[in-house]
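Q: Okay, here's the structure, questions in a sec.
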Amino acid sequence: GIDISSLRGETGVITLDRGFKNTGSCSSSITFLDGEKGILRYRGYSIESLAEGADFLEVAYLLIFGELPSKEQLHKFHTDIKGESHVDEDVKKILDGFPKSAHPMGVLSSLTSALIAFNPSSVNVNSEEDMYKAIVKIMGKFPVLVSWALRKNQGTPLNYGDNSLGYVENILKMMFKKPNEEYVQNQVVIDALDKLLILHADHEQNCSTSTVRLVGSSHAGLFASLSAGICALWGPLHGGANQAVIEMLEAIKADGGDTKKYMAKAKDKEDPFRLMGFGHRVYKNFDPRAKIIKVAAEEVLNDLGIDDPILDIAKGLAEEALSDPYFVDRKLYPNVDFYSGIIYRALGIPTEMFTVMFALGRLPGWIAQWKEMRELKEPIGRPRQIYTGENDRPFKTIENR
Ligand code: ACO
């Protein structure tokens, strides 16, 4: 029943590729990923070297502008961001309107969208300067919104930022400073968050990044594109997996720690349960980010003197999966989200905030991809379809149905 004429694309026959498993949507010089070999590079630099030697703001600069910054360039970027790190007091009224039970990802995407009304000049980007202004605005305001999402979730008063601090230090202080108490920075916590944010900063054409590009391709502004990307990231098959992993590990612990039972559930095709934090569309060997995070999780727990039984459950599950034919045959390995929640927990970040932390890390990647798309003057994204519905039916008025 398919009408052949509907299969004609602009330059030939339409291909159907559900989930875009083999379809490139753009050319890009930002992130290189080899799923077979487990390689991830930002602008040609290995993820291992960046996680080891750079801080998050340097990596953001690298992704967005293409080169590692000099000291002067980084200083200017940070100064410009700090100049934009205030959020209009009226946005707080919108925050006040949310119930405390609101999911922080819903709060974050709504407030990111609300920023457009307070910063209308960020929508029209007709020059390099307009683009730069929009970028530093969102790099400045996003951490504030992240901290607000946490404080709302916890029912605690909001904190103002502190421009004397580094980018990540300032985020931590806005998130965690208690009223009438000095906030004491902890280098282990700063380094761990820096590393996590770097590891999440870009991942080529994943679901949320493709969403940012698709929305941006209609020339909707940067903030609108980001807000849509945040919603895409929220789902448990994508960024929401980090929350789902901890919830799964907690459920296994509460159920007596029987990992074998959950392995069996994950393999049972009648059971919708999946081992959260396992598998990846592109990595079919290992996720290089997971390797780094696993080591970091052990270090952070050690340095902070935390004994979290959930890490043992996670390690047990990973060990079983790596020698189980079901997982081996399907090339299912722990992904970036499998261990990240364990670190977030150790840093005192509540489970519902995990995906917000992912969004904070992915922000420079989304910005870089949106910028590249606009600079390359990509056409509006508009996939085709294979129509499988009814063909040419005579209309009947409601009286005659
Ligand atoms: N647990 C059990 N079985 C799984 C899992 C899992 N976590 N992941 C995939 N499989 C199985 C599927 O059932 C399927 O089996 P079949 O061939 O017998 O039907 C096979 O492996 C292939 O899986 P697909 O869903 O077709 O793979 P796809 O590339 O579409 O999905 C995804 C990748 C979404 C990541 C998937 O592996 C998954 O749902 N994982 C759990 C959620 C998760 O951790 N998401 C985070 C991804 S990383 C990120 O976004 C940052």
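Q: Output the residues belonging to the range 258-279 that are open to solvent by less than 50 Å² (accessible area, probe 1.4 Å), part of a loop (DSSP other than H, G, I, E, B) and either more than 10 Å from the ligand (Cβ to nearest atom) or in contact (Cβ under 8 Å) with a residue 60 or more places away in the chain (or both).
A: Of everything in the range 258-279, those that are open to solvent by less than 50 Å² (accessible area, probe 1.4 Å), part of a loop (DSSP other than H, G, I, E, B) and either more than 10 Å from the ligand (Cβ to nearest atom) or in contact (Cβ under 8 Å) with a residue 60 or more places away in the chain (or both) turn out to be M276, G277.
Q: While we're here: Find the helices (runs of 4 or more DSSP H) located wholly in the range 305-383 whose residues include 1 or more that are over 30 Å from L63 (Cα atoms), and list them.
A: In the range 305-383, the matching helices (runs of 4 or more DSSP H) lie at 309-322, 325-329.
Q: From the residues in the range 110-159 that are small (G, A, S) and free of Cβ contacts under 8 Å to residues at least 24 places away in the same chain, which one is nearest to L360 (Cα to Cα)?
A: A114
Q: Check off (1) modelled with pLDDT under 90; (2) away from the ligand (no atom under 13 Å from the Cβ); (3) under 25 Å from the mean Cα position of the chain (by Cα) for K291 and give me the number that stays unchecked.
A: Against the list (1) modelled with pLDDT under 90; (2) away from the ligand (no atom under 13 Å from the Cβ); (3) under 25 Å from the mean Cα position of the chain (by Cα), K291 comes up short only on (1).
Q: While we're looking at this one, here's another question. Mind listing just one residue for me: the one in the range 360-396 that is over 24 Å from the mean Cα position of the chain (by Cα) and closer than 21 Å to T23 by Cα and, of those, surrounded by the fewest Cβ atoms within 10 Å (Cβ to Cβ)?
A: K377
Q: To continue, here is another question. Going by the structure shown, is G348 closer than 30 Å to N153 by Cα, within 26 Å of the chain's Cα centre (by Cα), small (G, A, S) and surrounded by fewer than 17 Cβ atoms within 10 Å (Cβ to Cβ)?
A: For G348, the condition - closer than 30 Å to N153 by Cα, within 26 Å of the chain's Cα centre (by Cα), small (G, A, S) and surrounded by fewer than 17 Cβ atoms within 10 Å (Cβ to Cβ) - is met.
Q: I'd like to verify a number: residues in the range 170-213 that are modelled with pLDDT under 95, touching a helix residue (DSSP H, G or I) at 6+ places or on another chain (Cβ under 7 Å) and in a loop (DSSP other than H, G, I, E, B), how many?
A: Selection size over the range 170-213: 2.
Q: Going through E84, E67 one at a time, which residue ends up being surrounded by fewer than 14 Cβ atoms within 10 Å (Cβ to Cβ) and either touching a helix residue (DSSP H, G or I) at 6+ places or on another chain (Cβ under 9 Å) or not in a loop (DSSP other than H, G, I, E, B) (or both)?
A: Residue meeting the stated conditions: E67.
Q: Conditions: (1) basic (K, R); (2) in contact (Cβ under 8 Å) with a residue 12 or more places away in the chain; (3) assigned to a helix (DSSP H, G or I). K93 meets all but one. Number of the miss?
A: (2)
Q: If I ask for residues that are among the polar types (S, T, N, Q), within 19 Å of S29 (Cβ to Cβ) and open to solvent by less than 10 Å² (accessible area, probe 1.4 Å), which ones from the range 193-213 would you list?
A: T209
Q: Further, regarding this structure: All but one of (1) part of a loop (DSSP other than H, G, I, E, B); (2) within 16 Å of the ligand (Cβ to nearest atom); (3) at pLDDT 90 or above hold for K284, so report the exception by its number.
A: Unmet for K284, out of (1) part of a loop (DSSP other than H, G, I, E, B); (2) within 16 Å of the ligand (Cβ to nearest atom); (3) at pLDDT 90 or above: (3).
Q: If you don't mind, another one. Quick check on T79: is it more than 16 Å from the ligand (Cβ to nearest atom) and in a helix (DSSP H, G or I)?
A: Spelling it out, T79 is indeed more than 16 Å from the ligand (Cβ to nearest atom) and in a helix (DSSP H, G or I).
Q: For the range 214-257, enumerate the residues that are open to solvent by 30 Å² or more (accessible area, probe 1.4 Å), part of a helix (DSSP H, G or I) and within 10 Å of the ligand (Cβ to nearest atom).
A: none
Q: Just checking, does the range 146-153 include any residue being β-branched (V, I, T) and crowded, with 19+ Cβ neighbours inside 10 Å?
A: Yes, that holds for at least one residue.
Q: Looking at the range 1-25, I want the residues that are open to solvent by 80 Å² or more (accessible area, probe 1.4 Å) and have a partner that is among the polar types (S, T, N, Q) and modelled with pLDDT of 95 or more with Cβ atoms under 7 Å, at least 6 apart or on another chain. Which pairs are those?
A: Qualifying pairs under 7 Å: S25/Q205; S25/S210.
Q: Here is a follow-up. A251 versus (1) aliphatic (A, V, I, L, M); (2) without any contact (Cβ under 8 Å) to a residue 24 or more places away in the chain; (3) touching an Asp or Glu at 6+ places or on another chain (Cβ under 9 Å): which is the lone unmet condition?
A: A251 satisfies all of (1) aliphatic (A, V, I, L, M); (2) without any contact (Cβ under 8 Å) to a residue 24 or more places away in the chain; (3) touching an Asp or Glu at 6+ places or on another chain (Cβ under 9 Å) except (3).
Q: Could you say whether any residue in the range 328-337 is in contact with a strand residue (DSSP E or B) (Cβ under 8 Å, 6 or more places away or on another chain), within 27 Å of L68 (Cα to Cα) and surrounded by fewer than 21 Cβ atoms within 10 Å (Cβ to Cβ)?
A: The answer is no, given that none of the residues of the range 328-337 is in contact with a strand residue (DSSP E or B) (Cβ under 8 Å, 6 or more places away or on another chain), within 27 Å of L68 (Cα to Cα) and surrounded by fewer than 21 Cβ atoms within 10 Å (Cβ to Cβ).
Let's see how each residue does on (1) within 16 Å of the ligand (Cβ to nearest atom); (2) at pLDDT 95 or above; (3) in contact with a strand residue (DSSP E or B) (Cβ under 9 Å, 6 or more places away or on another chain):
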position	(1), (2), (3)
V13	no, no, no
L16	yes, no, no
S27	no, yes, no
Y45	no, yes, no
L57	no, yes, no
L63	no, yes, yes
G66	no, yes, no
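Q: I've got another one for you. Is the range 315-325 home to any residue that is out of contact with any strand residue (DSSP E or B) (no Cβ under 7 Å at 6 or more places or on another chain), open to solvent by less than 10 Å² (accessible area, probe 1.4 Å) and within 23 Å of L226 (Cα to Cα)?
A: No, there is no match, as no residue in the range 315-325 is out of contact with any strand residue (DSSP E or B) (no Cβ under 7 Å at 6 or more places or on another chain), open to solvent by less than 10 Å² (accessible area, probe 1.4 Å) and within 23 Å of L226 (Cα to Cα).
The values are calculated or read from the model by the stated rules, or taken from the named source; none is laboratory data. On a predicted model such as this, the values are computed, not experimentally measured, just so you know. FYI the Cβ positions are ideal-geometry reconstructions off the backbone, even for glycines, and counts take in every protein chain you see. Surface areas here come from the heavy atoms of the whole protein model, side chains and all, with no ligands, DNA or RNA. Shrake-Rupley method; radii C 1.70, N 1.55, O 1.52, S 1.80 Å.
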